[in-house]
Amino acid sequence: MAAIVFKGLTKTYGTAVAVDNFSAEVQPGRVTGFLGPNGAGKSTALRCLVALATPTKGRTRILGRGYRKLKNPQTRVGVVLDSRGFHPGLTAYQNLRVLTSMGGIDKSRIDEVLAEVELADARNKRVKGFSLGMKQRLSLASALLGSPEVLVLDEPANGLDPAGIAWLRGFIKSQAEKGTTVFVSSHQLAELETIVDDVIIINKGKVVAAGSVAEVTGGERLEEAFLRLTGSGLS
Ligand SMILES: Nc1ncnc2c1ncn2[C@@H]1O[C@H](COP(=O)(O)OP(=O)(O)OP(=O)(O)O)[C@@H](O)[C@H]1O
Ligand SMILES: [Mg+2]
């Protein structure tokens, strides 16, 4: 069974079509890259997937169900979307404590996940003093709290410095080695190429290619294939 399914997903905002009859599947235990130019509809599709937006048409499934139908969702699916809000006046620890309380997760996980994202030193700092990269790490930590089977990451490299991006590569690889399904959107194509098994490419709300990296690129660099498939290369 696919870990994630989009079936005829359409999302419109007024007359604008953000996602247009989008169908795709993410296979379990694999790292799948979700690529597309700015405005292609990636974040909208991911928001529909985790019930932060309501589809206009079609449906999404994650681990066989609609996200809202999952029991203990924090232990099934970890989510990092750019819109994720933390309370600025609370520390990293306190923010995660709110989430463990809500999710019924043992609070011993907090220090484990802070160590995993290399944020242990910032444990007692207020989030309002965090850099973008630190907030991104805290988002990853929050997604890991429930030791989920699936990670949905929308541009997790956003705000990370080169060392942070290298760290993220290792992080995603280690999650995959544990058998976690990772669905990750990114514009860092050279970076992504080294960690993904499969890719789904979306343009103007529609799928333009999906499959293993080899199938989609046919031996080209991922960036070349992307530019060709999305028509955003030089003609
Ligand atoms: N809440 C909203 N209201 C109106 N239009 C929206 C809303 N959210 C997204 N859109 C529009 O939907 C389209 C797809 O946006 P989306 O954020 O899903 O793209 P994306 O692929 O994530 O782009 P990026 O790579 O820049 O993050 C864009 O045209 C955007 O302007
Ligand atoms: Mg986006």
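Here are some notes:
- Region 193-235, residues that are polar (S, T, N, Q), surrounded by 16 or more Cβ atoms within 10 Å (Cβ to Cβ) and farther than 26 Å from Ala16 by Cβ: Thr217
- Top-ranked residue in region 31-40 [being near ligand 1 (Cβ under 10 Å from one of its atoms) and hydrophobic (A, V, I, L, M, F, W, C); ranked as surrounded by the fewest Cβ atoms within 10 Å (Cβ to Cβ)]: Ala40
- Test: residue in region 22-30 that is assigned to a strand (DSSP E or B), over 21 Å from Ser186 (Cβ atoms) and touching a residue at least 12 places away in the same chain (Cβ under 8 Å): yes
- Any hit, region 94-113, residues being under 18 Å from the mean Cα position of the chain (by Cα) and surrounded by 15 or more Cβ atoms within 10 Å (Cβ to Cβ): yes
- Taken over region 31-44, the residue count meeting the criterion of being part of a loop (DSSP other than H, G, I, E, B) and either more than 9 Å from ligand 2 (Cβ to nearest atom) or touching a strand residue (DSSP E or B) at 6+ places or on another chain (Cβ under 7 Å) (or both) is 4.
- Condition check for Arg137: crowded, with 16+ Cβ neighbours inside 10 Å, out of contact with any helix residue (DSSP H, G or I) (no Cβ under 6 Å at 6 or more places or on another chain) and at pLDDT 95 or above: no
- Residue count for region 187-235, restricted to those that are in contact (Cβ under 8 Å) with a residue 24 or more places away in the chain, charged (D, E, K, R) and in contact with a helix residue (DSSP H, G or I) (Cβ under 8 Å, 6 or more places away or on another chain): 6
- Checking Leu153, Leu90 one by one, the residue that is at pLDDT 95 or above, over 24 Å from Val31 (Cβ atoms) and surrounded by 14 or more Cβ atoms within 10 Å (Cβ to Cβ) is Leu90 and no other.
- Ser43 being within 14 Å of ligand 1 (Cβ to nearest atom), at pLDDT 95 or above and more than 15 Å from Val199 (Cβ to Cβ): yes
- Residues that are crowded, with 20+ Cβ neighbours inside 10 Å and small (Gly, Ala, Ser) within region 165-188 comprise Ser185, Ser186, listed in sequence order.
- Qualifying residues in region 19-30 (those that are surrounded by fewer than 23 Cβ atoms within 10 Å (Cβ to Cβ) and under 26 Å from Arg228 (Cβ atoms)) - the one nearest to ligand 1 (Cβ to nearest atom): Asp20
To keep it simple, each residue is scored yes or no on (1) in contact with a helix residue (DSSP H, G or I) (Cβ under 6 Å, 6 or more places away or on another chain); (2) at pLDDT below 95; (3) closer than 20 Å to Leu35 by Cα.
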site: Ala122; (1), (2), (3): yes, no, no
site: Leu145; (1), (2), (3): yes, no, no
site: Ala157; (1), (2), (3): yes, yes, yes
site: Ala163; (1), (2), (3): no, yes, no
site: Phe171; (1), (2), (3): no, yes, yes
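The values are calculated or read from the model by the stated rules, or taken from the named source; none is laboratory data. The structure presented is a predicted model; accordingly, all values stated were derived computationally and were not measured. Reconstructed Cβ throughout: ideal geometry from the backbone, glycine too, with neighbour counts over all protein chains shown.
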